[in-house]
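The values are calculated or read from the model by the stated rules, or taken from the named source; none is laboratory data. Just so it is clear, the model here is predicted, and its values are computed rather than measured. Cβ placement follows ideal geometry from the backbone for every residue including glycine, while neighbour counts extend to all protein chains displayed. Each accessible area value is taken on the protein alone, full model and side chains, heavy atoms only, with ligands, DNA and RNA left out. Shrake-Rupley method; radii C 1.70, N 1.55, O 1.52, S 1.80 Å.
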Amino acid sequence: MKLLVKITTALVAAGLLLSLVAAGYVYFVLVPQLPAVDRLEDTEYQVPLRVYDREGLLLAEYGEHRRIPVKYEAIPKKIEQAFLAAEDDQFWTHYGVDPLALMAAVYELVTTGTKTRGGSTITMQVARNFFLSSEKTYSRKLNEILLALKIEKELDKKTILELYLNKIYLGNRAYGVVAAAQVYYGKTLDELSIAQAAMIAGLPKAPSRYNPIINPERALIRRDHILRRMRQLGYIDEEQYQQAKAEPVSAELHGSKVSADARYVTEMVRKKLYEQYGDEIYSSGMKVYTTIDNGLQVAANQALRKALLDYDRRHGYRGRIGRIDWEKVDVDPFEDGLVEAERVGNLVKGVVKSVDQDKAVVVLPDFRSVEVPFEKGIDWARDYISENRRGPELKSAAERLQPGDVIWLEQRDDLWLLAQVPDVEGAIVSLDPENGAIRALVGGFDYFRNKFNRATQAKRQPGSNFKPFIYSAALEKGYTAATLINDAPVVFDDDSLEATWRPENYSGRVYGPTRLREALVKSRNLVSIRILQSIGLRYAVNYVQRFGFRRDEMPYDLSLALGSGAFAPLEIVRGYSVFASGGYRTDPYFIERIESNDGELLYRADPLVVCRKDCQPGEPSASEVEQASAEKAEPAAEAEEVAKADGSKSAAGEREKPAIVAEAGPPRPAPRVISEENAYIMRSMLREVVRRGTAVRAKVLGRPDLAGKTGTTNDQKDAWFSGFADGVVTTAWVGFDDQKPLGSRETGGRAALPMWIDFMRVALKDAPVTTDQQPDGVVSVRIDADTGERATARTVNSRFELFVQGTEPQLPDEMVTDSEGGEPGFAETRGGEPAVSEEEAVEELF
């Protein structure tokens, strides 16, 4: 007995000693090594880079972690209660550790050798997620307990719960409850039902095993268990419980709710920020507000895709995607795994279910069956042979489609059309000419199919789209819109051209003496070449740089008159913005401002702004900027940044890091690079291109203020249209990436202009028609339309023309009178009609 007492006493003493040693080790060794927890209150979560449009609508996210931090006060009670029921129902009463839960976990481990209970409180999970590794060791568990006690001592319960609900991983790259609600249900926290809240609350235990998308059966069991716990704890009543339990699994994978498809633009943003900040951009929560207009970006995507699909339909059908045996379809070809659901641009994959003479029935990935009519929907699909040849006309839908065919479909309004992913590509970019802000930019049919940004990276020949810059140079050199140039054949033996060059007009005909205006309206190649030859290559090349074009991108030969240089659509639209703004050059930019995750301003754009009269006190107006300096102006820094942000090289060769500045000073006035008079006359000529020239199709918009120019290159490899009205300047381009010919008759007016029209229909909706104020230095004079000379009483074919004051044609001496009747040129009739006033003449020209 005494021996037993001694043994017991020794064991108790040893136990006490070990306890004291363990306590001393914990207190003197482990506790001092614990990290400081006060910094948890200033936690910076890993938040992705978010890119917004000018109105704050989300365009894209970049980052591994999808997280949207939320304050405790904004967390709905049902979310809080669901997580407490699932993870820690004693959260509000314990001190960081739940002794009963820990003892139960230890007892289970000792008696069964397995560990199914975690015993971890929410506070312990916060300690693990923020400070510890995920290794499963006893020492890590001990540190977790100590940290939890420390966290509870220094932080209040609401802060701890907020940290937990923002940090926890919930599967599918979703971190935190807000991201999970968006990923699984496409909803905000307030919009979640009790059943959906319980489903999300079941994920921390095992995000993959209880994922409602991958394992809906297991997820349902876990959800119902949490609902029962919520009922037992009194969080919900019996009616709510039964209603939530009856709710089916409705989780689907949702992407971030973006507004417009602007991936070509957002990739430009990502590249620019990565050069400045590196990998930090993917986790620091930066918010970038771009210049993009959501409505215009949507319109640009729709216009480009419609134009490319219409081009494709004009040239024939290249065949179905694939084929399945319809007899093997059990429920649905997509559900059965026979066909993979896919979208490209605005096209959706479908499987033909049945075919009649006048229609086909096609099954879509969303289980719908739609009818595709033969007329308009299928009858276009003659066999493609070449860009200029198609097979025979179809007489029924069955000639083209059979059950089991896997095809592409396009929905246009309420009509479903047979389609195919176009081989041809395109680009469209639209600016505000007053400051260079890019309002819409699309670099191809589908970014995820081909990430090459043709709006900024594709250097293509603009063809006749370049002619206005040569004509502007001629006006500056002393030519007038009425100057006669002989439209006659020319032959050049020029070493720089490598061979004898015999240029022609598009029609193959010549028209003799032609006024400058008429030559631009009708896009006469031979006249343009003679103009360039007359004003001189050196002068023309120097002059054209005023519009932002680089010298090394222009050939130093007469083919420049026909647009043989190589420019991206963004460069062309910047050049046209000079005409649109009245002679000022602004530089394209796409980032308005950048903010940190906390709202701190990191960068604000400082663009060149057209400043005519209302400049800041002490700031020179743009008209006061010396034009001579503009003649030697290189493309401005911001325009260079646009190119560099999309992977192009600067003039120096390698890309440089963009300068990010926090604040801009007063608005910087844009330089005037061509005279007000020159710009006014060029606008009148470009408007006439729309009124009766190669862009007459644009008259469908019903606006007299539209101006622009078509462009078509040799063999129809490139089709362009650039134009403007009411503060919007836009360039559209169509062509193959490998520079194959588009086909005969695929001119700028046919292939590219419809894209421009569809976009501008939206961009100019409800916009008032603009009327230009005629500059004091411009006069309107009636001329002989055949000779370009001043009209007289004997002139039969006359019209009004605009001239820079002092360059207008004068009457012959014998026709000059000093009577009070005025000038004979304005006193006579025109075509048998009464003479019009000078104000009416200006209206005629515009």
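Compare I378, I214 by solvent-accessible area with a 1.4 Å probe and give them largest first, with all protein chains kept in place. Can you show the working numbers first?
On the way: I378 0, I214 115 Å².
Heavy-atom accessible area, descending, gives I214, I378.
Grab every C-alpha pair in the stretch 708-772, bin the distances at 5 angstrom width from 0 up to the longest one, and report whole percents.
Calculated over all Cα pairs of the stretch 708-772, the distribution is 4, 19, 26, 18, 14, 9, 6, 4, 0 percent.
In whole angstrom, how long is each semi-axis of the equivalent ellipsoid of the stretch 429-499, when you take the square root of 5 times every eigenvalue of its Cα gyration tensor and sort them from largest down?
35, 22, 10
Could you give the spread of the C-alpha atoms of the stretch 379-507 along their three principal axes, from largest to smallest, in whole angstroms?
Between the extreme Cα coordinates on each principal axis of the stretch 379-507 lie 68, 42, 32 Å.
Find how many whole Å separate the alpha carbon centroid of the stretch 686-727 from the alpha carbon centroid of the stretch 421-465.
The distance from the Cα centre of the stretch 421-465 to that of the stretch 686-727 comes to 17 Å.
Can you work out the Karplus-derived ³J(HN,Hα) for every residue in the stretch 302-318? Use 6.51 cos²θ - 1.76 cosθ + 1.60 with θ = phi - 60°, whole Hz, and x for glycine or proline.
5, 5, 5, 5, 5, 5, 5, 5, 5, 4, 4, 5, 5, 10, x, 9, 8
Normalised by the empirical 2.2 N^0.38 Å for globular proteins, what value does the Cα Rg of the stretch 540-594 take?
Working it through for the stretch 540-594, the quotient is 1.26.
Where the convex hull is taken over the Cα atoms of the stretch 686-740, what is its projected area averaged over directions, in nm²?
Details: hull surface 16.4 nm².
The number I arrive at for the stretch 686-740 is 4.1 nm².
In the P(r) worked out for the stretch 349-395, what percent of Cα pairs fall beyond 17 Å?
Of all Cα-Cα pairs in the stretch 349-395, 45 percent lie more than 17 Å apart.
Rank D784, D737 by accessible area, highest first, at a 1.4 Å probe radius?
If we order D784, D737 from most to least accessible, we get D737, D784.
In the stretch 200-293, what GluC sites (Glu not before Pro) fall in a loop by DSSP, with at most 11 other Cβ atoms inside 10 Å?
Answer in residue order: E252.
Ratio of the stretch 377-432's C-alpha Rg to 2.2 N^0.38 Å, to two decimals?
Values: Rg = 14.8 Å, N = 56, 2.2 N^0.38 = 10.2 Å.
In units of the 2.2 N^0.38 Å rule of thumb, it is 1.46.
Which order do you get for Y511, Y506, Y277 if you rank them by accessible area with a 1.4 Å probe, largest at the top? Can you show the working numbers first?
On the way: Y511 85, Y506 140, Y277 60 Å².
Descending accessible area places them as Y506, Y511, Y277.
In 10 Å bins starting at zero, report the fraction of Cα pairs in the stretch 232-335 per bin as a rounded %.
Bin by bin from 0 Å, the calculated values are 9, 18, 19, 22, 22, 8, 1.
Please work out the average accessible area per residue across the stretch 193-351, using the 1.4 Å probe convention, and give it in Å². All intermediate terms of the calculation are to be shown ahead of the outcome.
On the way: 7310 Å² over 159 residues.
Spelled out: the 1.4 Å probe surface of the stretch 193-351, per residue, equals 46 Å².
Just the Cα atoms of the stretch 154-309, one point each, no solvent: what log10 I(q)/I(0) does Debye give at q = 0.10, 0.20 Å⁻¹?
Log10 I(q)/I(0), no solvent term: -0.54, -1.22.
Are there any trypsin sites (Lys or Arg not before Pro) in the stretch 330-426 that are in a DSSP loop and have at most 15 other Cβ atoms within 10 Å? List them by number.
Working: sites: R343, K349, K353, K359, R368, K376, R382, R389, R390, K395, R400, R412; in loops: R368, K376, R382, K395, R400.
Sites meeting the loop and neighbour criteria: R368, K376, K395.
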